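Throughout, read-outs are computed from the coordinates displayed, never taken from laboratory work. Only a predicted model underlies this, so the values are computations on that prediction, with no experimental measurement involved. Counting neighbours? That spans all protein chains shown, and the Cβs are built from the backbone with ideal geometry, glycine included.
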Amino acid sequence: MSAPIHIPMVPSDPMEAWTARVNGAQFTELAHSHSILLDVLRDHVGTLGVKRGCDMGTCGCCAVLVDGEPVLSCLTLAFEVEGKDITTVEGLADGHHLHPIQQCFADHGGSQCGFCTPGFLVVSAALLDKEPNPSEAAIKEAIEGNLCRCTGYQQIVTSIQEAGEMLRNGLTGEDRTEAASDPHPVGPDEPTLPPGDAR
Amino acid sequence: MSKGYRQAPSGSSDKKRKDGKRIAGKQDFGVPGSGGSNPYSELQDIERIPNSQGGQLEQPRGPHVHDPHITGQTIGKATPLVDSRWKVTGQAEYGDDIRLPNELVGRILRSPHHYARIVSIDTSAAEALPGVRAVSTGMDSVNRFGVLPVTKDEHAMAQDKVRHVGDLVACVAAESEEIAIEALSYIHVDYEVMESIHDMEDGLLDSENPIHDRGKYHIGESNVQKRVFQQFGHTDAMHDAPFQSKSDWTFAGLHHGFTEPHAVVAHWDPNGRLQLYTPQQVPHYVHRALSSVLDVPMHQINVIRTFVGGGFGGKSDPFPHEMCAAILAKKSGRPVRINFDREEVYWINRGRHPSRIQMEVYADEKGRIAGIETDALIDGGAFASFGHVTTYYNGVLHTSPYEIGGFHYTGARVWTNKPASGAMRGHGAVNSRCAVEVAIDDVCEQMGVDPMTFRLANLLPPHCRTITGFRITSTGMRECLDEVRKQSGWDDKFRKMPLGRGIGVGCGFFISGSGLPIHWDPENFPHATVHLQCDMDGGVTVHTGAADIGQGSDTAVAQAVSEVLALPLDMIRIRSRESDTAPVDLGSYSSRVTFMNCNAAIRAAIELREKVLNAAWEIIGYHPDSLVLGDRRIYYKRDPAIGVSWLQAVHKAQADTGSLIASGAYRTPPMGGVHKGAAAGLAPAYSFSAYVAEVEVDPETGFVRVIKAWAAHDCGKALNPLAVEGQIIGSCHMGMGQVLSEEMRYGRTGHLLNPDLLDYKIMSVHEMPEVVPIIVESNDPEGPFGAKEAGEGPLLPILPAVVNAIYDAIGVRVNELPVSPDRLYSTIEKQCRKMGIKDPLDLPNPSFEPSALQADLENRAKEHAHRDLQRDLLKDRSSYVNGVLFGFDPDRPLPEQSEGWRESVTPTPEDLADPKKRAARAWSHVERRKRRDDA
Amino acid sequence: MKTPPFRLHRPTTIDEAVNLAADLVKRKQGFDWVSGGTDLLANYKWHINTQPHVISLASIEELTRHGAHHIGAMVRLHELEHGPTHPLLRKAAGTIASTLIRRSATVGGNLCLDTRCFWFNQTEDWRRSIDWCHKCDCDTGADCRVIPNQNTLCVATYQGDLAPCLMVLDATIHLAGPEGVRSMSIADFYALDGMTRNVLKTGEFVTHVSTPEESNDLDGDYQKLSLRESWDFPEAGVAAAWKRTDTGLSTLRIATTACESIPRIHLESAEAALVDWNGESTTIEVAEAIRREVKPVNNTYFPPAYRRKMLRVLTKRALKGTWM
């Protein structure tokens, strides 16, 4: 029996230096001439928040911002965006302050299993950046290339609207490192009695 | 206020020396790490305490056994998922995000044939390729596995034959993915192609080479994997009923369509233990399967569940690629990561079974359901998976919510040379539920009765038994129907809208946890176990094996603990990932996690609370019975000023042992009948739902657009309304996909034509209508704080609601799903031809003329509403079994009261006489052991 | 998924691109053009007709020119949607795939879209399991899987949305190649069969399309059939442009797409309709004529009989503006 027909995967040309700004930091990585941006981001840069869902442009999980514009990284050649400014989900937060869109996806059920979330977040962050008060139709158009299997989109749309509201009011997201509940709260000397007995 | 002490604003100062030196053993560590965001603890919020406990929280359906443990912390509050921050920052690690140092990439060689014998495999050329570190074939792993112990029919890789295109043949681990792909083409496999079968009806026939050989249990020489027969009630008399609906349905196979493809990382650590990272719904089954496939004791394996990028049942089998990764990692001595391409996700499948269902619903002159007769043939594909159970579920899960005079079910599952079907959200219940609900609409049309009224007049009450013996406890079915009727404006819309606009209703019924654990006897082991550990920091670590797959099970368990202990959610830490640290849990399937794990968590938390309260007793001198748990503070109920902080009490409780631990477990009460198959469909509680969908149909193109859906679901108690609503809307999305666009399409050569997300049509944001989620709380007596499932049941009603709405819109009944535009258009064309209409826009608009029965049923519905309320509030404690509506005495065995009443699970020749019935044909074969011709 | 290795070339001028191509031809090296990559890279990931070289047009500034009557090949569909061209083009552009795809995909790429077929647009493993097909036979001489027992014609379907709209606007397409530049009516650009697709010679590529000034006077509509509003390729598409006069219509052009291997302009049917224009009833006649002219095959999502019947409905709807 003869070997099945196959298009050879190796060898490829030697790798070349690929440079870009990713989430504000300059990266120089070795990549093939034919490398796909998604692969470079995941396997070399290490931004594993960029997800591989369908790998052919129909789920939007791999979306990143290139110079502020949403792009499907699975259908983008790495060298086509050389030297550009790339933002992934990891680059949305301002230090330990969540971006309002992140805060709202967490708080309003925009994220269930969370796999499509990074794609939705960058796409909607780009939308809100241009239009902090988008109509429902504009939101739907912005996220029409993102597939969510968990939420049925409704809570995602709400999350985006809420984030727009936060941005319009100049609010930032929660400080993730802020101390939370103290197991040893120290109350006032004389707490007021509740009306009647609790029990 | 004579005894006890008042909590001081800061630690006691009298122990401190003024000279700056410390006294041995007298160091003050009362407030380590203080500085919380809220320095003042709060008392219990009276508005969140149930009225049974003296609070102000209304309980329309009476008190619940968990009421004393309500502290008002989180239950019933919209709570963001506890792991959502990981997800929104991109730090949640899914299967393919696990990158271990020195990893290899694995790829799988798959069968290009539907069905073929493997003559030889030569891997030498692949092994010689530079960069290849390990190659493995079926020779390396001969042990069988499968999710159900009764049907273990899978191997890591094909042994002697391949059973579908995409079946695993060999695997390779290499330094890069490119090399691994390349190496696959160097593996030479000689196949001897065999005749494959693709149509499920062919699976009923004898075959020279059945796809599997089950030895003495094999059914004839056929490809029938499982067959079921159940007959209860007046199954002969029902055929004489005046109103009959008979339909023959075709349901396409479905895929879960989760966004994360399967991925796995295997690593044998330096101690020789296997560490397996996998996005799984059932890590424990994987644990067991790995052990038996690899011949390694379970304690040598640690299964680590990663974040799961959607499951929906599609990640609830132990998978062959998980075995492959482990084998390759062992051979190469390095970590191996396998990540699926989207196409491979469809090869492993386990989606909804393609099904052909013959549905007959009979109604008598009093507007009662005289009987349901169902014949379901389901296409299992190449492996058993959960199919054994699916075969039952297609029948037994439509014995409720209606009271029926007879139930006749024949089901069969066959093997075909397709990717294996398995469990998918609404497991086994979805297709036959759709057929039942549409048939009910059809008999209502014949009777001249509003389908809403008909349903309300035929519901089983709370605390009853179904015709096959399921124990129903709480049910909010009536309220669900009432709500959607009211909110959708049903009475003004039904049969009153112009041509092309329609409204339809459908109901659903689903299990909340499978009553029988698959792997052990519930008499010996509980269904779920949860451990709590509280350390000096005062936070509580919860160890559970429940798999959070995005549905929020970690959050639900954390909420349960937080509620009982009155601790804020951020003080509860969930460790649910590793089999090394988690108590055994069966996994996330059959909607069991909230019900079972939260119940176990509540028990564990009660135990922990007792220890802490006893410690507080020692400190402040009041008996725990008079102590109240407020927010991080325990106080005397008559004087909240007297109390201790949580941390002080915890430290006291830890004083002698240094530890504070507790454990809780849940097992189901005894339930159900004793007939063969009685366990299938048994659950400690059942969820109910009713939806109304409003659609717009374009008669010229066959396009259906759902405009709005009102979705009422009885989840017992919404522990987290945000998550429940998310589940309801998400279920609607998935169900609407099934009814309108999604299908796994097989071409004339038997190949799956759409193994990708472009042609597997999941609805985009544009097709998704507004869904109004309506939460109905029936307060289940055994559910955690009254809760039942909300993840699967909400999917069921949307299908029939849409199909019924299509009828209301254009007067055309469909019986093939999905109702894609081309299918609906050809149905419209047929209708037009039949009626002699040229332009589909001239189709007659269906109308409604109520018959005399309508008023009778309205009255009965009213009476039943009163009956149900009495039973709900336990004012009426009489027993109720399915049959009371037909005049039976519930306290005597039904067969004694009527001669025609049957209870049988073995068919007689007469039962199988109808040659048109498909699954019935599966019974024409005789099991080998019964023929005594097994070797 | 991984593409087989190839060398990416990124010329910055048209001349450089043409020379690069000529050089590769001379060296007998296979190559493809890429602009947005949304069509080509998806095919490459499935190992469909891959080449060792890929020349990207993305860095050629000149190709991004975008005016009311001039659309560079590198104009992204998203830009076209919000650009200054004829409303018909903007509308059609807005219906293509998803907004994420439209941000990458280009006008040139859409016009040169590879034809599609469910026996062809599959992974390498999948196509091996059917022993390949005529369009990508991997040198096996495989037969067509849609219409077996003929291997002379590829019947894969062209599923681009812009071509029919440009046809009814009477646009001109401009090409550049080693033999110089040339222009032609867009209707003449397409050539049977599903493999040939168009008249581009090796080394030649689309630089831009231009629409005549007179197209300003035309009204038009584009109607497409697709299951979802996002992602899906058209299963049938009808573009129409017309000029209304007081008495009726003075111009009428109708073109269809997604039903055959190339888009098609229906000159005769439209002509005939103009002769005795009678508003709605004529549109129904034209719609029927178009249905008869187009013969789809079974290789896209919807069955061909349905697509054909829908052509009639789409035509009727596209022409609504002629009488309403």
Which order do A:Ser73, B:Ser553, B:Ser741 fall in if you start with the one that has the fewest other Cβ atoms within 10 Å? B:Ser741, B:Ser553, A:Ser73
Report, by chain and number, residues whose modeled amide H sits under 5 Å from the one on A:Ile36, excluding near sequence neighbours (fewer than 5 apart, same chain). A:Ala78
Taking Cα centroids, how far is segment B:711-759 from segment C:56-117 in Å? 34
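Filter B:Lys246/B:Lys315; B:Lys834/C:Lys224; B:Lys246/B:Lys862; A:Lys51/B:Lys761; A:Lys140/B:Lys246; B:Lys330/B:Lys761 down to the pairs with a C-alpha to C-alpha distance above 31 Å, please.
Working: B:Lys246/B:Lys315 36 Å; B:Lys834/C:Lys224 29 Å; B:Lys246/B:Lys862 29 Å; A:Lys51/B:Lys761 21 Å; A:Lys140/B:Lys246 42 Å; B:Lys330/B:Lys761 40 Å.
Distance filter (> 31 Å) returns B:Lys246/B:Lys315; A:Lys140/B:Lys246; B:Lys330/B:Lys761.
Rounded to the nearest 20 debye, what is the charge dipole size of segment C:148-279 about its Cα centre when +1 sits on each Lys and Arg Cβ and -1 on each Asp and Glu Cβ? Can you show the working numbers first?
Working: 9 positive and 19 negative charges, 72 e Å.
Taking the Cα centre of segment C:148-279 as origin, the dipole is about 340 debye.
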When C:Cys144, B:Cys715 are ordered from fewest to most other Cβ atoms inside 10 Å of their Cβ, what list results? C:Cys144, B:Cys715
Could you tell me which residue out of C:Ala318, C:Val297, C:Ala258 lies farthest along the dipole of segment C:215-323 toward its positive end? Charges go on the beta carbon: Lys and Arg +1, Asp and Glu -1, centred on the Cα centre. C:Val297
Need the C-alpha centroid separation for segment B:334-390 versus segment C:193-223, integer Å. 48
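Taking every pair of alpha-carbon atoms in segment A:100-168, give the share separated by more than 21 Å as a whole percent. Present the calculation step by step, with values, prior to reporting the outcome.
On the way: 208 of 2346 pairs.
When every Cα pair of segment A:100-168 is considered, 9 percent fall beyond 21 Å.
Counting other Cβ atoms within 10 Å of each Cβ, which trypsin sites (Lys or Arg not before Pro) in segment C:5-97 have at most 13 and sit in a DSSP loop? Can you show the working numbers first?
On the way: sites: C:Arg7, C:Lys26, C:Arg27, C:Lys28, C:Lys45, C:Arg65, C:Arg76, C:Arg90, C:Lys91; in loops: C:Arg27, C:Lys28, C:Arg65.
Sites meeting the loop and neighbour criteria: C:Arg27, C:Lys28.
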As straight-line cross-link partners of B:Lys611, the qualifying lysines (C-alpha separation under 20 Å, not fewer than 8 residues apart within one chain) are B:Lys637, B:Lys652
Quick one: Cα centre-to-centre distance for segment B:856-898 and segment C:226-260, in angstrom? 62
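Quick check: net charge around C:Ala272, other residues with Cβ under 15 Å of its Cβ, Lys/Arg +1 and Asp/Glu -1?
Numbers: positive: C:Arg253, C:Arg291, C:Arg292; negative: C:Glu268, C:Glu271, C:Asp276, C:Glu285, C:Glu288, C:Glu293.
Net of charged neighbours comes to -3.
Among C:Cys117, B:Cys171, what is the fewest-to-most ranking by other Cβ atoms within 10 Å? Provide the component values of the computation, followed by the final result.
Values: C:Cys117 25, B:Cys171 31.
The fewest-first ordering by Cβ neighbours comes to C:Cys117, B:Cys171.
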A correct Karplus calculation of ³J(HN,Hα) over segment C:136-148, with 6.51 cos²θ - 1.76 cosθ + 1.60, θ = phi - 60°, whole Hz and x for Gly and Pro, returns 9, 8, 6, 6, 9, x, 5, 7, 5, 8, 7, 10, x
Mind checking B:110-119 for the average number of partner chain beta-carbons within 10 Å of each residue's beta-carbon? 2
Given H placed on each backbone N at 1.01 Å, which residues far from B:Arg573 in sequence or on other chains put an amide H within less than 5 Å of it? B:Val540, B:Thr541, B:Val542
Counting DSSP beta bridges with both ends in chain B, the antiparallel % (nearest 5): 75
In sequence order, what are the phi-derived ³J(HN,Hα) couplings for segment B:667-675 according to the Karplus relation 6.51 cos²θ - 1.76 cosθ + 1.60 with θ = phi - 60°, rounded to whole Hz, with x for glycine and proline? 9, 6, x, x, 8, x, x, 10, 5
In whole Hz, the Karplus estimates of ³J(HN,Hα) for segment B:608-623 (6.51, -1.76, 1.60; θ = phi - 60°; x where Gly or Pro) are 5, 4, 4, 5, 5, 5, 4, 5, 5, 4, 5, 7, 9, x, 9, 4
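Over 25 Å between C-alpha atoms is what I'm after, so list which of C:Lys28/C:Lys135; B:Lys493/B:Lys717; B:Lys486/B:Lys708 land there.
On the way: C:Lys28/C:Lys135 21 Å; B:Lys493/B:Lys717 31 Å; B:Lys486/B:Lys708 14 Å.
As for pairs spanning more than 25 Å Cα to Cα, those are B:Lys493/B:Lys717.
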Between B:Val772 and residues 5 or more places away or on another chain, the pairs with built amide H atoms under 5 Å apart involve B:Ala709, B:Trp710, B:Ala711
Just to confirm my understanding: which cysteines in chain B have no other cysteine beta carbon less than 4.7 Å from their beta carbon? B:Cys434, B:Cys444, B:Cys464, B:Cys480, B:Cys507, B:Cys534, B:Cys598, B:Cys715, B:Cys732, B:Cys832
Per residue, what volume in Å³ does the convex hull of the Cα atoms of the protein assembly as shown enclose? 195
